Structure formats: C-alpha cells, structure tokens
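Bear in mind these aren't lab numbers, they're just calculated from the coordinates by the rules spelled out. In this text the structure is predicted, and so the values were computed from the model without any measurement. Cβ atoms come from the backbone with ideal geometry, glycine included; neighbour counts cover every protein chain shown.
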Amino acid sequence: MNIAVFASGRGSNFQAILNAIDDGRLPARVALLVSNNSKAGALELARSRKIPAMHLNQKQYSSEDMYEERLLELLERHGVELIALAGYMKRIPVKVIDRYKNRILNIHPALLPAFGGAGMYGIHVHEAVLASGARTTGATVHIVDEEYDEGPIVMQKAVDVLSGDTPETLAARVLLVEHEIYPKAIAVFASKRVRIEGRNVWIQ
Ligand code: GRF
C-alpha cells in the first residue's frame, strides 16, 4: 500500500513508520512526505531516504480551492492510498477528507476522547494530564474526519502517570508508545484487516 506521511516537526513517528517498513512489520511504502514547515526534520529525513518530499503550505496559494486541488493532484500522482498524519499541525482540507474517507489516520499523545481538541497538542497535552490528576494517559491512533481529534478510534495503549513526572518525562514515555502503536495501526489498514461500523473500528 502506498502511504503519504504528513509531518510538521522532528518526524520521530515518521522514522518509526520507516523502521517498521524496513523490518517487514508494515507492508507499505511511503510514496510521499508532505510538510507545511520547510524546516521540519521529517522533510530532511524523507530527502535522505530519497522519498518524494513536498513543502506545501496554504499560504503559497491564492485561494483555499487552489491549495486543495494541488494537494489532491499530488496525492493522486503519487498513487497515495492512505494518509498518516504524524505531528501535522495544519487542518486537512475538507475535499481531501472526503476523497480519503476512512483512509486518513492520526496519532494523538493521550487517550482520546480525553485531552483532545483545541489547544491539545504537543506538551500542552501532557501538562493538562498532570494538572487533571489522571493516573493514566497514553496514545491513540484515530481516523481523521471533519472534527478535530474526534474521528473513530483505531488503537490505543495506556501509559501510567508516575510520581515525579513532568510534562517532558511523560511526553517521552508516551512517545515510545506512539512509535509502537502507529506502525501497527497503519499495518492493519495496509493489510485490510479492518472493518468500520459507525464509530467502531474492528480489527480482524
Ligand atoms: C507526537 O507526539 C504526536 O502524537 C503529535 O505530535 C508529535 C509529533 O512528534 N501529534 P514527531 O514529529 O513524530 O517526533
């Protein structure tokens, strides 16, 4: 299966996806890397692996329509069948969400539906978990739909909050779990072992 990875930052989840492909755990190929950030580590990583990499930002286009068309054309040209958002900080245009219905995944560093939605990104998520007194957090892979962080949940794994945790120490342990479950969840889609019934995603 041809996948596109969208990433805005350092790209450690992208690296985890590439590792899983390299050692045969993930039957897929990264056909395209898209980043809105010209300085993203993920762009550099793609280029070093000779993966087509595009710096694409809505600001480069005079209208949202043109941006959407360009993105769709790019996905089509590279034969993309599934999109994996990996620390992607921009909204996905509605036309792309429609075209790729149930074929866009995201990784979120908490157990959704808790600690998701507006403002819940990066270190803020872990700060909110600690401030809430929750004893458990984790990582969630979900399908992307029009509502931010609200699409059907595909896979989750819990991480204990430990005495003495700071947002940074918690983020580091959650990140390890992200790297573990994201390639697994993508593999489920790549090998078509998934059945979606409303909000329930069943893995076969
Ligand atoms: C991860 O914590 C991911 O859950 C969040 O953004 C971060 C991206 O990290 N959405 P990386 O760029 O994959 O290292």
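Remarks
- If R0 equals 41 Å, the separation of the Cβ atoms of ARG199 and SER63 corresponds to a calculated FRET efficiency of about 0.75.
- Fewest-first sequence of ILE123, ILE92, ILE107 by Cβ atoms within 10 Å of each Cβ: ILE123, ILE92, ILE107
- Per-residue [θ]222 nm for the chain (sum of -39500 (n - 2.57) over DSSP H runs n ≥ 4, rounded to 500): -11000 deg cm²/dmol
- Over 26 Å between alpha carbons, listed pairs LYS157/LYS192; LYS95/LYS157; LYS50/LYS95; LYS50/LYS90; LYS101/LYS157; LYS39/LYS101: LYS95/LYS157; LYS50/LYS95; LYS39/LYS101
- When all alpha carbon pairs of the chain are counted in 10 Å bins from zero, the resulting P(r) reads 9, 36, 37, 16, 2, 0 %.
- Cα-based shape type of the stretch 50-117, given that a ≥ b ≥ c are square roots of the gyration tensor eigenvalues and the cut on a/c is 1.5: prolate
- Euclidean distance between Cα centres, the stretch 114-156 to the stretch 62-93, Å: 23
- For the chain, modelled as a GNM whose springs connect Cα atoms under 10 angstrom apart, the maximal fluctuation among HIS142, HIS78, HIS179 occurs at HIS78.
- Once the Cβ-Cβ distance of ARG99 and SER48 is raised to the sixth power relative to R0 = 25 Å, the FRET efficiency obtained is 0.25.
- Charge sum, other residues only, whose C-beta stays under 13 Å from SER63's C-beta, Lys/Arg counted +1 and Asp/Glu -1: -1
- Interchain or long-range residues, amide H under 5 Å from ALA53's placed H: LEU33
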